[in-house]
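Scroll down for the structure; my scribbles are underneath it.
The values are calculated or read from the model by the stated rules, or taken from the named source; none is laboratory data. As the structure is a computational prediction, the values presented were derived from the model and not from experiment. So basically every Cβ, Gly included, is an ideal-geometry build from the backbone, and we count neighbours across all protein chains shown. These accessible areas exclude ligands, DNA and RNA; they are computed on the full protein's heavy atoms, side chains included. Shrake-Rupley method; radii C 1.70, N 1.55, O 1.52, S 1.80 Å.
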Amino acid sequence: MKIVAITGTEVKGCTYNIKNIFLDTLREGNEIKEFYLPKDCPHFCCGCKTCFNIDENKCPHAMDTMNIWSAMMDADLLVFAYPVYCMRTPGQMKALLDHFGVHFMAHRPKKEMFSKKAVIITQSIGAPNNAAQKDVATSLTWLGISDIRKIGFMLMEGANWDQLSDKKRQSITNKTVTLAKRYTQNYKVHKSIKHHILFKVCTLMHKSALKNEVNQSVDTKYWLENGWI
Ligand SMILES: Cc1cc2nc3c(=O)[nH]c(=O)nc-3n(C[C@H](O)[C@H](O)[C@H](O)COP(=O)(O)O)c2cc1C
């Protein structure tokens with residue numbers, strides 16, 4: 001199995017350690033590629049829409065975004081690990097995912113995404129993790145991934161991994177390893193009902209665009225080429 005892990009902080013702290021516990025369970029026999037933010041994609045989407053209107057390879061940040069996107073396309077399991085910042089996803093993670101909006105189902109979805117699995121690993125000092133997880137889960141859903149698992153921890157004892165009690169670290173380790181072990185079984189992913197519905201709605205949208213457009217958009221051409229409309 002090929003795994004790509006994107007960590008939303010360069011700090012070698014709690015996120016880093018929990019992500020490593022997850023990956024360590026899967027190192028044997030699997031190929032793992034890792035990226036760290038903001039180092040590996042220190043850009044905000046500038047809104048030029050080159051990706052939507054021309055080609056994502058012509059994005060001014062393509063030298064970084066396409067590197068990560070190619071790794072994601074190549075992987076079977078995508079891992080997103082990040083701390084909760086101000087109750088939400090850290091900006092660097094959102095900034096990366098904004099660059100992939102062109103591959104949302106409403107635009108030019110990649111059919112390879114339908115069979116991938118994804119894991120979202122988060123932690124906070126005390127805030128609920130749900131809102132921060134939802135930001136990334138929404139992107140992954142629209143990219144076409146049906147199998148998304150989330151695990152979140154409220155540290156409660158501080159923000160320094162080395163200063164957490166053994167009991168806390170052990171509890172985090174046990175839960176993280178249990179989740180990782182799920183991926184040692186090579187099960188197949190089936191498109192969820194939600195994804196079938198979203199795809200159908202997008203199909204209708206593109207059929208309508210095809211009828212109304214004078215010049216076919218890049219999205220319309222893509223849907224035609226794939227035989228979806
Ligand atoms: C800018 C910033 C904002 C944060 N916001 C919150 C927050 O709203 N709620 C919370 O419980 N923890 C918050 N934290 C703590 C982080 O979620 C995390 O627990 C901490 O940074 C330790 O993780 P790390 O070692 O991976 O950096 C914040 C940390 C930073 C640096």
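Only one residue in I54, I3 is in contact with a helix residue (DSSP H, G or I) (Cβ under 8 Å, 6 or more places away or on another chain), open to solvent by 30 Å² or more (accessible area, probe 1.4 Å) and of a type in the set (A, V, I, L, M), so which one is that? Working first, answer last.
Working: I3 fails: open to solvent by 30 Å² or more (accessible area, probe 1.4 Å).
Going through I54, I3 in turn, the sole match is I54.
Only one residue in V102, V79 is crowded, with 19+ Cβ neighbours inside 10 Å and within 16 Å of the ligand (Cβ to nearest atom). Which one? Outline the logic, then answer.
On the way: V102 fails: within 16 Å of the ligand (Cβ to nearest atom).
The conditions single out V79.
Within region 208-224, count every residue that is assigned to a helix (DSSP H, G or I) and open to solvent by 90 Å² or more (accessible area, probe 1.4 Å).
Here is the first cut: in region 208-224, the ones assigned to a helix (DSSP H, G or I) are 208-212, 218-224.
Imposing the further condition that a residue be open to solvent by 90 Å² or more (accessible area, probe 1.4 Å) reduces the set to 211-212, 221.
Of the residues in that region, 3 qualify.
Could you grab me the full set of residues in region 105-126 that are open to solvent by 20 Å² or more (accessible area, probe 1.4 Å) and either within 13 Å of T15 (Cβ to Cβ) or more than 16 Å from the ligand (Cβ to nearest atom) (or both)?
Narrowing region 105-126 to residues open to solvent by 20 Å² or more (accessible area, probe 1.4 Å): 106-107, 110-112, 114-115, 125-126.
Residues satisfying the conditions are A106, H107, K110, K111, E112, F114, S115, I125.
When you scan region 23-32, do you find a residue that is within 14 Å of the ligand (Cβ to nearest atom), surrounded by fewer than 13 Cβ atoms within 10 Å (Cβ to Cβ) and assigned by TED's automatic domain parsing to the domain that holds M105, even just one? Please lay out each step first, then the result.
Going residue by residue through region 23-32, those that are within 14 Å of the ligand (Cβ to nearest atom) are none.
No.
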